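Colleague: Shown below is the structure under consideration.
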Amino acid sequence: MTVSIAEEAWDSADGVQLRDDMRSELAARYNIPDQEVEAPTAETVNVFLVARSPEGVATGCGALRVLDDGTGEVKRMYVTPQARGTGVAIGILRALEDHARQLGVATLVLSTGTKQPDAIRFYEREGYQHTDGYGPYVGQPMARCFTLQLG
(Lines give C-alpha, C1' and ligand atoms only; values in the text may rest on other atoms or scores of the structure.)
Protein backbone atom coordinates (compact mmCIF):
# COMPACT_ATOMS: atom_id res chain seq x y z
CA MET A 1 0.00 0.00 0.00
CA THR A 2 1.43 3.36 -0.98
CA VAL A 3 0.95 5.81 1.84
CA SER A 4 1.94 9.32 2.72
CA ILE A 5 3.09 10.02 6.25
CA ALA A 6 3.05 13.55 7.59
CA GLU A 7 2.93 15.50 10.81
CA GLU A 8 -0.53 16.48 11.94
CA ALA A 9 -1.93 18.25 14.96
CA TRP A 10 -2.48 15.94 17.94
CA ASP A 11 -6.12 16.99 18.04
CA SER A 12 -6.81 16.58 14.30
CA ALA A 13 -10.08 14.74 13.69
CA ASP A 14 -8.36 11.73 12.09
CA GLY A 15 -5.72 11.61 14.82
CA VAL A 16 -8.38 11.60 17.53
CA GLN A 17 -10.33 8.88 15.69
CA LEU A 18 -7.26 6.67 15.23
CA ARG A 19 -6.33 6.95 18.91
CA ASP A 20 -9.95 6.25 19.93
CA ASP A 21 -9.96 3.15 17.70
CA MET A 22 -6.70 2.02 19.28
CA ARG A 23 -8.06 2.49 22.80
CA SER A 24 -11.21 0.54 21.92
CA GLU A 25 -9.21 -2.32 20.42
CA LEU A 26 -6.90 -2.50 23.44
CA ALA A 27 -9.78 -2.26 25.92
CA ALA A 28 -11.40 -5.25 24.23
CA ARG A 29 -8.13 -7.19 24.08
CA TYR A 30 -7.26 -6.60 27.74
CA ASN A 31 -10.82 -6.29 29.03
CA ILE A 32 -9.91 -3.03 30.79
CA PRO A 33 -10.08 0.65 29.84
CA ASP A 34 -6.89 2.53 28.96
CA GLN A 35 -4.77 2.34 32.10
CA GLU A 36 -1.76 4.31 30.91
CA VAL A 37 -0.32 6.33 33.79
CA GLU A 38 1.34 9.01 31.68
CA ALA A 39 -0.90 9.24 28.61
CA PRO A 40 0.53 11.45 25.90
CA THR A 41 -1.06 14.83 25.22
CA ALA A 42 -0.61 17.63 22.72
CA GLU A 43 1.66 19.30 25.28
CA THR A 44 3.89 16.26 25.87
CA VAL A 45 4.23 14.87 22.34
CA ASN A 46 6.96 16.33 20.16
CA VAL A 47 5.81 14.75 16.89
CA PHE A 48 2.51 13.17 15.84
CA LEU A 49 2.33 11.44 12.46
CA VAL A 50 -0.62 10.19 10.44
CA ALA A 51 -0.35 7.79 7.51
CA ARG A 52 -2.83 8.18 4.68
CA SER A 53 -3.75 6.03 1.70
CA PRO A 54 -3.54 7.52 -1.81
CA GLU A 55 -7.25 8.37 -1.40
CA GLY A 56 -6.49 10.36 1.77
CA VAL A 57 -7.92 7.83 4.22
CA ALA A 58 -6.10 7.81 7.57
CA THR A 59 -4.59 4.33 8.00
CA GLY A 60 -2.30 4.72 10.99
CA CYS A 61 -0.56 6.98 13.44
CA GLY A 62 2.37 7.25 15.81
CA ALA A 63 3.89 9.77 18.15
CA LEU A 64 7.27 10.64 19.61
CA ARG A 65 7.76 12.08 23.07
CA VAL A 66 11.21 13.21 24.21
CA LEU A 67 11.66 12.27 27.86
CA ASP A 68 13.52 14.34 30.46
CA ASP A 69 16.69 12.26 30.04
CA GLY A 70 16.76 12.91 26.27
CA THR A 71 15.49 9.44 25.39
CA GLY A 72 12.71 9.30 22.82
CA GLU A 73 9.55 7.32 23.52
CA VAL A 74 7.40 5.90 20.74
CA LYS A 75 3.73 6.37 21.62
CA ARG A 76 0.33 5.62 20.09
CA MET A 77 1.57 3.41 17.26
CA TYR A 78 -1.60 2.18 15.60
CA VAL A 79 -2.57 0.87 12.17
CA THR A 80 -6.15 0.23 11.15
CA PRO A 81 -6.97 -3.49 10.79
CA GLN A 82 -7.47 -3.25 7.01
CA ALA A 83 -4.03 -1.65 6.56
CA ARG A 84 -2.06 -4.13 8.68
CA GLY A 85 0.60 -6.10 6.86
CA THR A 86 0.90 -3.48 4.12
CA GLY A 87 3.99 -1.62 5.38
CA VAL A 88 2.13 1.26 7.02
CA ALA A 89 3.54 0.47 10.47
CA ILE A 90 7.10 0.24 9.16
CA GLY A 91 6.68 3.59 7.41
CA ILE A 92 5.39 5.28 10.56
CA LEU A 93 8.11 3.74 12.73
CA ARG A 94 10.90 4.76 10.34
CA ALA A 95 9.51 8.30 10.14
CA LEU A 96 9.41 8.51 13.95
CA GLU A 97 13.01 7.27 14.10
CA ASP A 98 14.03 9.96 11.58
CA HIS A 99 12.28 12.66 13.63
CA ALA A 100 14.02 11.38 16.77
CA ARG A 101 17.42 11.67 15.08
CA GLN A 102 16.58 15.22 13.97
CA LEU A 103 15.76 16.06 17.60
CA GLY A 104 19.11 14.68 18.76
CA VAL A 105 17.66 11.55 20.34
CA ALA A 106 20.13 8.63 20.44
CA THR A 107 17.91 6.03 22.15
CA LEU A 108 14.27 5.13 21.61
CA VAL A 109 12.12 3.20 24.07
CA LEU A 110 8.58 1.91 23.85
CA SER A 111 6.14 -0.29 25.68
CA THR A 112 3.57 -2.68 24.35
CA GLY A 113 1.64 -5.39 26.13
CA THR A 114 1.67 -9.12 26.67
CA LYS A 115 -1.64 -9.51 24.82
CA GLN A 116 -0.22 -7.89 21.68
CA PRO A 117 1.99 -10.65 20.25
CA ASP A 118 1.70 -9.09 16.80
CA ALA A 119 3.23 -5.84 18.10
CA ILE A 120 5.94 -7.72 20.01
CA ARG A 121 6.92 -9.62 16.84
CA PHE A 122 6.85 -6.38 14.81
CA TYR A 123 9.26 -4.53 17.12
CA GLU A 124 11.57 -7.55 17.36
CA ARG A 125 11.61 -7.85 13.57
CA GLU A 126 12.41 -4.14 13.24
CA GLY A 127 15.52 -4.46 15.42
CA TYR A 128 14.20 -3.33 18.79
CA GLN A 129 15.69 -5.13 21.79
CA HIS A 130 13.81 -6.29 24.87
CA THR A 131 14.59 -4.16 27.92
CA ASP A 132 13.47 -3.89 31.50
CA GLY A 133 10.57 -1.61 32.22
CA TYR A 134 11.21 2.12 32.29
CA GLY A 135 9.32 4.97 33.92
CA PRO A 136 5.73 3.95 34.64
CA TYR A 137 6.33 0.46 33.20
CA VAL A 138 8.83 -0.65 35.88
CA GLY A 139 7.42 -3.75 37.52
CA GLN A 140 4.32 -3.87 35.31
CA PRO A 141 3.79 -7.57 34.50
CA MET A 142 1.70 -6.90 31.36
CA ALA A 143 4.25 -4.50 29.83
CA ARG A 144 6.82 -5.57 27.27
CA CYS A 145 9.41 -2.85 26.81
CA PHE A 146 11.86 -2.35 23.96
CA THR A 147 14.76 -0.09 23.11
CA LEU A 148 16.66 0.87 19.97
CA GLN A 149 19.96 2.68 19.66
CA LEU A 150 19.69 5.07 16.72
CA GLY A 151 22.73 5.11 14.46
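The values are calculated or read from the model by the stated rules, or taken from the named source; none is laboratory data. Computed from a prediction, not measured in an experiment: that's the story for all the values here. So basically every Cβ, Gly included, is an ideal-geometry build from the backbone, and we count neighbours across all protein chains shown.
Colleague: Applying the selection to region 96-112, what residues are crowded, with 16+ Cβ neighbours inside 10 Å and in a loop (DSSP other than H, G, I, E, B)?
Modeller: Across region 96-112, the qualifying residue is only VAL105.
Colleague: Ok, one more. Could you list all residues from region 13-43 that are polar (S, T, N, Q) and modelled with pLDDT under 95?
Modeller: Hits for region 13-43 are SER24, ASN31, GLN35, THR41.
Colleague: Suppose we filter region 113-151 for residues that are modelled with pLDDT of 95 or more, surrounded by 14 or more Cβ atoms within 10 Å (Cβ to Cβ) and assigned to a strand (DSSP E or B); how many remain?
Modeller: 6
Colleague: Right, another one. Among the strands (runs of 3 or more DSSP E) contained in region 1-93, which hold 1 or more residues that are under 21 Å from CYS145 (Cα atoms) and touching a residue at least 12 places away in the same chain (Cβ under 8 Å)?
Modeller: Per the criteria, 47-52, 58-66, 72-79.
Colleague: Right, here's the next one. When region 1-12 is examined, which residues are found to be in contact with a helix residue (DSSP H, G or I) (Cβ under 9 Å, 6 or more places away or on another chain), modelled with pLDDT under 95 and surrounded by fewer than 18 Cβ atoms within 10 Å (Cβ to Cβ)?
Modeller: MET1, the sole residue that qualifies.
Colleague: Please find, within region 70-85, the residue that is nearest to VAL45 (Cα to Cα) out of those that are surrounded by 18 or more Cβ atoms within 10 Å (Cβ to Cβ) and out of contact with any Leu (no Cβ under 6 Å at 6 or more places or on another chain).
Modeller: If we take residues in region 70-85 being surrounded by 18 or more Cβ atoms within 10 Å (Cβ to Cβ) and out of contact with any Leu (no Cβ under 6 Å at 6 or more places or on another chain), then LYS75 is nearest to VAL45 (Cα to Cα).
Colleague: Could you list all residues from region 75-92 that are closer than 21 Å to VAL16 by Cβ and among the aliphatic types (A, V, I, L, M)?
Modeller: MET77, VAL79, ALA83, VAL88, ALA89, ILE92 - these are the residues of region 75-92 that are closer than 21 Å to VAL16 by Cβ and among the aliphatic types (A, V, I, L, M).
Colleague: Do you know which residues across region 17-51 are surrounded by fewer than 20 Cβ atoms within 10 Å (Cβ to Cβ) and closer than 27 Å to GLY104 by Cα?
Modeller: Of everything in region 17-51, those that are surrounded by fewer than 20 Cβ atoms within 10 Å (Cβ to Cβ) and closer than 27 Å to GLY104 by Cα turn out to be GLU36, VAL37, GLU38, ALA39, PRO40, THR41, ALA42, GLU43, THR44, VAL45, ASN46.
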